[in-house]
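S.K.: My questions will all concern the structure given below.
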Amino acid sequence: MTTELYLENSYLKTFRAQVCEINGEEVVLDQTLFYRGGGGQEHDTGFLIQNGKEFEVYEVKKQNGLIVHYVKQADHLSKGEVELVLDWERRYNLMRHHTLIHVLGAVVYNRYGSLCTVNQIYENRARIDFNNLSDLSEEEIKDIEEETNRQIQANHPVSSRVVSRKEAEQLTGIIKTMVNLLPPAVKNIRLVKIGEIDEQACGETHVKETQEIGTLKITKVKSKGKNNKRLEVQAIES
């Protein structure tokens, strides 16, 4: 089982690990910096370095219970120690956009009682779908944007903790659908909290403080079925 170092410290840029398995381009490590993708967030990329040679990590997936790194020319790797180097610029932009989605989701929930049904986080943009959200006027879109930016500039701290599934289901304020969507086999749940405005079940990477997000720009609003809306957004660096 691979230790996911980013769950404890998403700011690690380099680290050392042991190569445990090599199968074609598939490499399994004892611990990793590279996020495997999931929860709407894209996987990380970067390099493995061994004996002074760089090997590109172009994809990371979780499959059959293992975190698998897809590495170019992995047949030239050998089992043993390897240095992990993260594409930090890509990761940091993903962290900023993922944290933005949490803040935006909290604002829309507090304004309209609408829940996030799905989201997708890319390096330079994101999208989030809400249920029970009627057509939004230009004034309402502006209000959502301004309130989200106000919360971002309040510089709320971002923290995480792990609790039992039972405790997570009993917490007030958490959006229960996120917990209920997790497989029954998941007994312990990681919660990400943003100040006093939001707490969600989430296994992805985030910034430490909301000002790191930058400024929200809502670039497009689309209808996704009756009373469902998709907001396409960007986190503009300050």
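We did not get these values from a lab; they are worked out from the coordinates using the rules stated. In this text, all values refer to a predicted model and were calculated from it rather than measured experimentally. Neighbour counts run over all protein chains shown; Cβ positions are idealised from the backbone, glycine included.
S.K.: With 10 angstrom as the radius, rank ASP87, ASP44 by how many other C-beta atoms surround their C-beta, starting from the fewest. Before the final figure, lay out each step's value.
M.R.: Numbers: ASP87 18, ASP44 24.
If I rank by nearby Cβ atoms, fewest first, I get ASP87, ASP44.
S.K.: Another one. Roughly speaking, what is the stretch gain from ASN132 to GLN73, that is 0.36 nm per residue apart minus the C-alpha to C-alpha distance, in nm to one decimal?
M.R.: Numbers: separation 59, 0.36 × 59 = 21.24 nm, distance 4.87 nm.
Taking 0.36 nm per residue and subtracting the Cα distance, the gain is 16.4 nm.
S.K.: Mind checking the full-extension length gain between MET1 and GLU167? Use 0.36 nm per residue of separation minus the Cα-Cα distance, one decimal, nm.
M.R.: So the extension gain works out to 57.2 nm.
S.K.: Can I ask one more? Can you give me the angle between helix 88-112 and the longest principal axis of the chain, using Cα atoms only, in degrees from 0 to 90, rounded to the nearest 10?
M.R.: With rounding to tens, the tilt is 30 degrees.
S.K.: Students often forget the sequence filter, so: which lysines lie under 26 Å Cα-Cα from LYS79 once same-chain residues fewer than 8 apart are removed?
M.R.: Partners within reach: LYS13, LYS53, LYS61, LYS62.
S.K.: Additional query: Which whole-Hz ³J(HN,Hα) couplings does the range 59-73 yield from phi under the Karplus relation 6.51 cos²θ - 1.76 cosθ + 1.60, θ = phi - 60°, glycine and proline marked x?
M.R.: 7, 9, 9, 9, 9, 6, x, 10, 8, 10, 9, 8, 10, 5, 6
S.K.: For the chain, what is the mean residue ellipticity at 222 nm derived from helices alone (per DSSP H run of n ≥ 4: -39500 (n - 2.57); sum divided by total residues; nearest 500 deg cm²/dmol)?
M.R.: Numbers: 4 runs with 52 residues, N = 238.
Counting only the DSSP helices, I get -7000 deg cm²/dmol.
S.K.: What residue among GLU139, GLU81, GLU21 shows peak mean-square fluctuation when the chain is described by a Gaussian network model with Cα springs under 10 Å?
M.R.: GLU139
S.K.: Of all DSSP beta bridges located in the chain, what percent are antiparallel, nearest 5?
M.R.: Numbers: 58 of 61 bridges.
Counting DSSP beta bridges with both partners in the chain, the antiparallel share is about 95 percent.
S.K.: If I fit a long axis through the Cα atoms of helix 138-153 and take the longest principal axis of the Cα atoms of the chain, what angle between them do I get, 0 to 90°, rounded to 10?
M.R.: Its long axis makes an angle of about 50 degrees.
S.K.: Same structure again: Would you calculate the separation in nanometres between label points at ILE218 and GLN18, each defined as 7 Å from the Cα along the Cα-to-beta-carbon direction?
M.R.: Between ILE218 and GLN18, the label points sit 5.2 nm apart.
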